[in-house]
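Let me begin by presenting the structure, written as structure tokens, before commenting on it.
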Amino acid sequence: MTTDSLFLPIALPLLGALLGTALPRKAPLLGLLAALLTSASGLWVSGQVWLGGDLGVVLGGWGSPLGIGLAADGLSVALLAMTSLVALGISLYALSYLAETDLAAHFWPLWMLLWAALNGIFLAADLFNLYVMLELLGLSAAALGALTGSRAAIEANLRYLLVGLLGSMSYLLGVALIYTGYGTLDLGLLGARIQPSALAATALVLMTGGLALKAALFPLHFWLPPAHANAPAPVSAALSALVVKAAFYLILRLWSGPFADLAGASAAFVIGALGAGAILWGSWRALRAERLKLLAAYSTVAQLGYLFLFFPLLQALPAGPARDDLFAACVLMAVTHGFAKAGFFLAAGLVQKMAGHDRIDELGGAAQSMPATTFSIALAGSALIGLPPSGSFIAKWIMLRSVFETGQWWWLPVIAAGTLLAAAYIFRVLSRAFGLEPTPQCFISDARAELPAFLLAAASVLLLGLAAGPLWSLLGFSGVST
């Protein structure tokens, strides 16, 4: 693949969305074909970066910064590869889950638009094209979330849409300030031109605030639990595993890229404190949740908190192997959460579909009737807790090491409490599922839909835990320092 083919992970799902809209009766078949091609193109780009280094191209016949720039490096393709695999699993699951329903014809075009927006965010090389992709992502995500047409789903996703628009406007104001001050929106050129100033700091605050709202960082998370819990299972998995990661990715990209010299210790501490609040509040609400999907939604709030807890630790470490390891651990945790949360939501959707509800206290008999689904929840749950050999265990281990290296011991009780609370709400679910007295509802296994959920959950433990080394190579680091 040449650098000119970087547009394929964006163009292929857009074409799939167009064809699915024009031929609604063939939407599932066309959507699955587009999913296979999009996933293959995303993995191919990732492989090219891993083997040959960074890629970049400017489309439209114009040079930078006038043309539409696309770029791929280790950070972007780590999320691109995760999205390719997780989205493919969601697509295979949706083919069975939405079969013989009226939702399929509407789901597939919107799903392809969302996937194109995700890939566009990971590959876009300038701030304005990132804004365009953020808008497309928010609109398609809100439409997918309201797909069932229920009152609860429509209310939750209208709130999500309004919040997303507010976050986008905040981000766009920051972009406008940057263009006014520096005359470019290209990330590479901006990194060379930007200087610490009040204008640059204001732009960073506006952009980070807007993206934090989209990422549901505590206390801006109020829109996430109802939107994710009331969406169809494939949509819930996409929103939790992929959509919020896009906003987090952009914050990490900005803070570690062009704005690296502007983000000081105080700003990083604020981000970390909000992450700590997310861990404690999200975990507590997950423990008290009565529904399985609502538990998973609050768990997402908590798991996102860990990602933002990396920021003050990264800021405090000087350049070198220890900081490289911590940065890679942050990416590893994000990728692990993507696989684990997708598997968890897909399994929870099967329980809800087969039992007719997802009330946790009435899950007795699920383990006996749906062993593969229950095992998927257990595997995904072990990754959310951070048990070995999951990828999140490695990430937490490196995080804890950095806590002591930087002397920021106050994060230690937060990490410990979050881990214990995660174990409590996961084992609460499993204890009900393995109840000796089955409840009256009838669980019916669906092997076609169970396999994607199981594979995604297993990947968070086996693939990312036992074979995490390639991620360090992809990011350009030699490995975990001793």
- line: Residue set Ala124, Ala141, Ala117; condition within 30 Å of Asp73 (Cβ to Cβ), in contact with a strand residue (DSSP E or B) (Cβ under 9 Å, 6 or more places away or on another chain) and of a type outside the set (Asp, Glu); output residue Ala124
The stretch 280-292 residues that are modelled with pLDDT of 90 or more, paired with ones that are in a loop (DSSP other than H, G, I, E, B) and of a type outside the set (Val, Ile, Thr) (beta carbon under 9 Å, 6 or more apart): Leu280/Phe218; Trp281/Phe218; Trp281/Pro219; Trp281/His221; Gly282/Phe218; Gly282/His221
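Where in the stretch 268-373 are there helices (runs of 4 or more DSSP H), lying fully within it, with 2 or more residues that are more than 18 Å from Ile251 (Cα to Cα) and aromatic (Phe, Trp, Tyr)? I'd like the intermediate steps shown before the answer.
Details: elements: 292-316, 321-355, 366-369.
Of the helices (runs of 4 or more DSSP H) lying wholly inside the stretch 268-373, those with at least 2 residues that are more than 18 Å from Ile251 (Cα to Cα) and aromatic (Phe, Trp, Tyr) span 321-355.
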- prompt: With Leu88, Leu79 as the choices, which residue is buried (at least 23 other Cβ atoms within 10 Å of the Cβ), at pLDDT 90 or above, within 30 Å of Ala468 (Cα to Cα) and under 16 Å from the mean Cα position of the chain (by Cα)?
  reply: Leu79
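This table checks each residue for (1) over 11 Å from the mean Cα position of the chain (by Cα); (2) of a type in the set (Val, Ile, Thr).
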{"residue": "Ala227", "(1), (2)": "yes, no"}
{"residue": "Leu239", "(1), (2)": "no, no"}
{"residue": "Val244", "(1), (2)": "no, yes"}
{"residue": "Trp255", "(1), (2)": "yes, no"}
{"residue": "Phe259", "(1), (2)": "yes, no"}
{"residue": "Phe269", "(1), (2)": "yes, no"}
{"residue": "Gly272", "(1), (2)": "yes, no"}
task: Among the candidates Ala296, Ala329, Ala340, Ala267, single out the residue that is in contact with a Leu (Cβ under 7 Å, 6 or more places away or on another chain) and either buried (at least 19 other Cβ atoms within 10 Å of the Cβ) or among the charged types (D, E, K, R) (or both).
output: Ala340
query: Taking the condition at pLDDT below 90 and closer than 30 Å to Gly349 by Cβ, does Pro24 pass?
result: yes
task: Being in contact (Cβ under 8 Å) with a residue 12 or more places away in the chain, closer than 28 Å to Ile68 by Cα and within 16 Å of the chain's Cα centre (by Cα) narrows it down to one of Leu189, Leu137, so name that one.
output: Leu137
- prompt: Considering Leu130, Leu103, which residue is over 23 Å from the mean Cα position of the chain (by Cα) and more than 24 Å from Leu455 (Cα to Cα)?
  reply: Leu103
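The values are calculated or read from the model by the stated rules, or taken from the named source; none is laboratory data. Owing to the predicted nature of the structure, the values given are computational and were not obtained by experimental measurement. No Cβ is skipped: glycine too gets one built from the backbone with ideal geometry, and neighbour counts run over all protein chains shown.
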